[in-house]
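Note sheet for the following structure.
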2 protein chains.
Amino acid sequence: MIGRKLTARLATEELILQDVVPFDGASVVSDLSAPGEAEKLVASRPELIFHLAAVVSGEAEADFDKGYRVNLDGTRRLFEAIRKEGGGAAGPYRPRLVFTSSIAVFGAPFPEAIGDEFLSAPLTSYGTQKAIGELLLSDCSRRGFFDGIGIRLPTICVRPGKPNKAASGFFSGIIREPLAGEEAVLPVPESVRHWFASPRAAIAFLLHAAKINTERLGARRNLTMPGVSATVGEQIEALRKVAGEKVARLIRREPDRAILRIVEGWPPSFDARRALALGFRADRSFEEIIRIHIEDELQGSSVPRPARA
Amino acid sequence: MIGRKLTARLATEELILQDVVPFDGASVVSDLSAPGEAEKLVASRPELIFHLAAVVSGEAEADFDKGYRVNLDGTRRLFEAIRKEGGGAAGPYRPRLVFTSSIAVFGAPFPEAIGDEFLSAPLTSYGTQKAIGELLLSDCSRRGFFDGIGIRLPTICVRPGKPNKAASGFFSGIIREPLAGEEAVLPVPESVRHWFASPRAAIAFLLHAAKINTERLGARRNLTMPGVSATVGEQIEALRKVAGEKVARLIRREPDRAILRIVEGWPPSFDARRALALGFRADRSFEEIIRIHIEDELQGSSVPRPARA
């Protein structure tokens with residue numbers, strides 16, 4: 001989703017879009033974790049590489065081998081291919097590489113607001129793989145193989161499209177479904193607090209990361225992005241404000257202890273000082289996050305369309 | 001060195017010692033990073049595994065491929081072999097695994113004393129590989145493949161044997177060589193502060209880690225060990241106290257900016273609260289560290305033997 005929105009914002013000339021599944025506009029369909037594929041991608045020496053590829057959290061947890069193969073080996077193969085390209089006959093090559101990491105690199109227990117020097121102690125295989133990607137990125141950048149920057153995205157909200165099975169799905173679902181006139185299930189108490197960015201903010205982070213003067217990063221190449229900290233109750237209150245009581249009433253409470261247990265291990269709030277100092281900007285409020293969804297996905301209308309069949 | 005001292009302390013029955021080079025008592029000589037070797041090692045289902053294997057800091061920095069192959073791939077292959085053994089026909093298998101990590105997982109800038117929640121931002125490939133090993137260890141332990149504990153060793157001092165080319169070599173050299181009646185070169189100012197443990201303390205950490213109730217660790221399986229924080233000046237003062245002025249005068253100042261630059265990126269001091277609460281104990285002072293060297297390596301004599309040829 002982020003990849004598609006991002007490419008829509010990039011100049012389309014000389015753009016290579018690679019994905020493991022064919023999608024609209026993909027110019028290369030390949031498995032980055034398969035031997036030789038990363039080399040093919042970097043052979044044309046792109047100046048700027050966005051590395052978003054990942055098996056998502058739920059799948060990486062369910063399928064240990066696949067998660068490590070794609071999220072760790074795929075990332076390492078890409079980094080290796082760049083290093084080898086730069087050490088080859090064609091001479092030096094040092095592209096900017098923007099890597100999407102995640103706040104899943106952090107694991108409970110947390111301080112009230114997680115600072116820029118807080119340890120990565122992930123509680124999922126996905127978070128582990130992203131944390132390893134960050135370490136590799138820093139080491140390769142320090143050695144001059146590429147000019148890397150890792151962007152720890154907040155939970156993206158409101159994620160457009162159909163509901164998915166991710167444990168985090170309800171954070172978007174309780175906004176997206178009611179705005180579409182449909183019922184949404186809320187599996188956790190309203191007191192649960194989490195860290196959000198709109199898709200629009202996320203794209204802006206990646207574009208800013210592509211241009212930033214990385215000398216300002218020093219050796220620490222991975223940055224927690226600013227976001228909006230909101231409780232589920234505050235999310236619902238914002239929905240009520242933007243779309244009215246009738247829409248907000250479409251949220252049905254159905255506690256699910258398994259989901260609550262997962263979500264309790266997630267970070268509630270950050271003090272993203274470094275990223276702010278480097279010019280990264282968060283959404284202003286959860287209300288703004290909802291308005292962005294309405295503008296970008298619902299043609300500006302907060303009046304529910306007829307329910308989907 | 002640690003491996004040899006450790007095995008001397010273990011009951012020798014049913015002990016498998018693996019190393020890539022033949023050494024006194026090694027029962028398996030193999031390259032852990034070569035396919036199939038780790039599987040052979042775990043086939044007999046040892047209950048307790050000490051994983052110390054590593055390409056050292058200087059070599060991992062000089063040879064990028066070798067460092068990643070041995071320190072990252074070797075570790076991953078071992079972890080994978082254990083997981084596969086446990087998922088195989090012979091039924092569940094979940095050994096205790098003690099992994100030697102290093103304070104090299106930390107990189108400057110530092111707070112005055114580094115706490116248990118400080119980020120891993122290594123400034124060397126060796127530190128990066130150890131930090132990745134820690135992440136893999138935590139994830140594999142969380143998933144129940146083995147019962148892992150990572151021990152971040154302080155800089156070991158006094159390291160016995162010949163001087164080596166490691167940037168950290170002088171920390172031991174300025175004690176070891178004078179005690180042997182030889183001159184030692186000090187390449188940094190006396191104000192440099194660092195974090196030390198004697199070989200004896202290091203062995204005790206690993207033996208304690210083998211027995212500890214890991215439920216007390218929670219999800220955070222990697223621990224900074226307690227140590228002695230001392231400046232080079234304090235090291236020399238302790239040497240003077242233990243062995244006299246004549247011995248201390250064998251230290252020759254020869255500033256080396258390259259070494260200073262490396263050492264400045266190293267951690268000066270820690271607040272190793274978690275490990276202390278779990279019963280890990282440091283040496284009491286740098287003086288004690290010197291006395292341990294004299295007891296364990298010099299047959300109790302602090303009178304310099306005749307200089308080696």
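Read-outs throughout are calculated quantities, based only on the coordinates presented, and are distinct from any laboratory measurement. Because the structure is a prediction, the values reported are computed rather than measured. For neighbour counting, all protein chains shown are included, and Cβ atoms are generated from backbone atoms with ideal geometry for every residue, glycine included.
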Helical mean residue ellipticity (222 nm; -39500 (n - 2.57) per DSSP H run of 4+; nearest 500) of chain B: -11000 deg cm²/dmol
Cβ-defined net charge surrounding A:Glu190, 12 Å radius [Lys, Arg +1; Asp, Glu -1]: 0
Size of charge dipole - the range B:62-151 - debye, nearest 20, with Cβ of Lys, Arg +1 and Asp, Glu -1, no other charges: 440
Against the rule of thumb 2.2 N^0.38 Å, how large the Cα Rg of the protein assembly as shown comes out: 1.06
Across the identical copies, how the A:Ala89 labels are spaced - nm, sorted shortest first, 7 Å along Cα→Cβ: 5.0
Cβ-defined net charge surrounding A:Ser102, 11 Å radius [Lys, Arg +1; Asp, Glu -1]: +1
Cβ-placed point charges (K, R +1; D, E -1), dipole of the range A:2-297 about Cα centre in debye, nearest 20: 480
Net charge dipole size for the protein assembly as shown [Lys, Arg +1 and Asp, Glu -1 on Cβ; Debye, nearest 20]: 360
For residues of B:179-187, the mean tally of beta carbons on other chains within 10 Å: 0
Mean shadow area of chain B, taken as a quarter of the surface of its Cα convex hull (nm²): 15.9
25 Å Cα-Cα reach of B:Lys5 towards lysines, excluding residues that sit fewer than 8 places from it in its own chain: B:Lys40, B:Lys130, B:Lys162, B:Lys165, B:Lys211
Under 12 Å from B:Lys241, Cα to Cα: aspartates and glutamates that are on another chain or at least 8 residues apart: B:Glu287, B:Glu288
Other-copy label distances relative to A:Arg249, 7 angstrom Cα-Cβ extension, nm: 9.5
